[in-house]
Amino acid sequence: MIEVLAKLGRGPVFLAGEVLECVITFTNPLSASSTSASSEMLAWASAQIHCQFHASENRVALPPSDGNKHDVQAENETVFVPNRGERGQCILSTPPKILFCDLRLDPGESKSYSYCETLPIDGPPSFRGQSVKYVYKLTIGCQRVNSPIKLLRVPFRVLVLHGLKDYQFPQDEAVAPSNPFLEEEEGLKKDSRLADLATELLMVATSRRSLHLYNISNTRGKVGTFCIFKTVYKIGEDVIGTFNFSEGDIPCLQFSVSLQTEESIQEEFQRRRGQPVSFSTHARHQESCLHTAQSSFSLPIPLSSTPGFTTTIVSLKWRLHFEFVTSRESAGNCVVRGSQSEAITWTGVEQMEVDTFSWDLPIKVLPTNPILASYVSQFSSTNSITI
């Protein structure tokens, strides 16, 4: 028996273009209860990254795939197919890398191998929507002699930040700060600069603030104004906005604000022409506001959510969806006179004629630092199997 343990040292979330590093340890455990132990042999082990695409047959019409399905592993087959038995299509994969050939482990012995691979910068982000899914996995395959191949799959999440692909790193590295006491490989140095560049670009894009004022009105008149200071955010940030109903002519009884994503299939891949767009609500604020002059809301963008993106098949956009309930009659002013000696009980009206209307405000949501997103990831940094 051999235990295979794969560990992502930095966490299970990466930025496209970064280097994924995984330490894979093979161990021949020495049990305290066993009286006799023997050496174990593995013929080979290999690792590869791939992205699986799965689409809902009721919503997406895909062209037939000409790829051969490998769902059955022959007893003596030595072909490494990392997406064997997986649902959907493999739309992206890196070249496989051989970890070793003919590994012999004595009882209690362990050996570790480091796997490093740059994540393709032109791939889609990790996404689990109502119509499509993009799932990234690192698959480690190993085989005993004359035995089936065993696969260890390590799922992880990929964030995509547009603009990094066209960035050219300076050729002169002498001006870059460095530690003369540490030897750093060129690939890891570039990976570190890529993460720093992404953090800087995100900071610049989401720190710009300018006052955006919108008049809220219906067919009867002005309800109020809405104020928001920016429309570009990172996942993990809070969307904050304020309302001013004091200058409105129409009383607002209630309002709600929903933070939503809009998942739409490109026209050529739609199962039915003009099929509806799928909406998902990530946060919602609702408030009764009759006789309220000002109000505000704060909606958090979940770190586990997917930033906006577009591929040849699907598009994901973010928006704020507003719903207002207004009165058709004037609410009047409730004034209590200071000289009034008798107690008065105020009661609300039993019936009121109202109007409802909605409004959508598009916003832009970008990725964040992948280390920050790793804290709330559903994936584990450590995965293992026994062969």
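The values are calculated or read from the model by the stated rules, or taken from the named source; none is laboratory data. What you see is a predicted model, and the numbers here were worked out from it, not measured in a lab. Every residue, glycine as well, gets a Cβ built from its backbone with ideal geometry; the counts of neighbours run over all protein chains shown. The protein model used for the area step is the full one, side chains on, heavy atoms only, and it has no ligands, DNA or RNA in it. Shrake-Rupley method; radii C 1.70, N 1.55, O 1.52, S 1.80 Å.
Worth a mention:
- Some residue of region 69-90 being closer than 22 Å to A16 by Cα and either in a strand (DSSP E or B) or at pLDDT 90 or above (or both): yes
- If only residues of region 310-328 that are in contact with a strand residue (DSSP E or B) (Cβ under 9 Å, 6 or more places away or on another chain) and over 14 Å from T261 (Cα atoms) are counted, the one that is surrounded by the fewest Cβ atoms within 10 Å (Cβ to Cβ) is R328.
- Residue within region 268-280 that is open to solvent by 60 Å² or more (accessible area, probe 1.4 Å) and more than 28 Å from T310 (Cα to Cα) present: no
- Near pairs, Cβ below 6 angstrom, 6+ apart or cross-chain, from region 243-258 (in the same structural domain as T281 (by the TED database) and among the hydroxyl-bearing types (S, T, Y)) to any residue that is surrounded by fewer than 23 Cβ atoms within 10 Å (Cβ to Cβ) and part of a strand (DSSP E or B): S256/Q286; S256/E323; S258/T281; S258/R284; S258/H321
- Strands (runs of 3 or more DSSP E) lying entirely in region 276-352 (those with 1 or more residues that are at pLDDT 85 or above and farther than 30 Å from G236 by Cα): 314-327
- Applying the criterion of at least 2 residues that are out of contact with any helix residue (DSSP H, G or I) (no Cβ under 6 Å at 6 or more places or on another chain) and farther than 16 Å from R319 by Cα to the strands (runs of 3 or more DSSP E) found wholly in region 203-253 leaves 212-218, 221-228, 238-244.
- If the condition is being at pLDDT below 95 and open to solvent by 30 Å² or more (accessible area, probe 1.4 Å), then region 4-18 contributes G9, R10.
- Number of positions in region 215-227 that are touching a residue at least 60 places away in the same chain (Cβ under 8 Å) and either assigned by the TED database to the domain that holds L159 or crowded, with 18+ Cβ neighbours inside 10 Å (or both): 3
- Among the residues of region 196-214, just one is more than 30 Å from V19 (Cβ to Cβ) and surrounded by 14 or more Cβ atoms within 10 Å (Cβ to Cβ), namely Y214.
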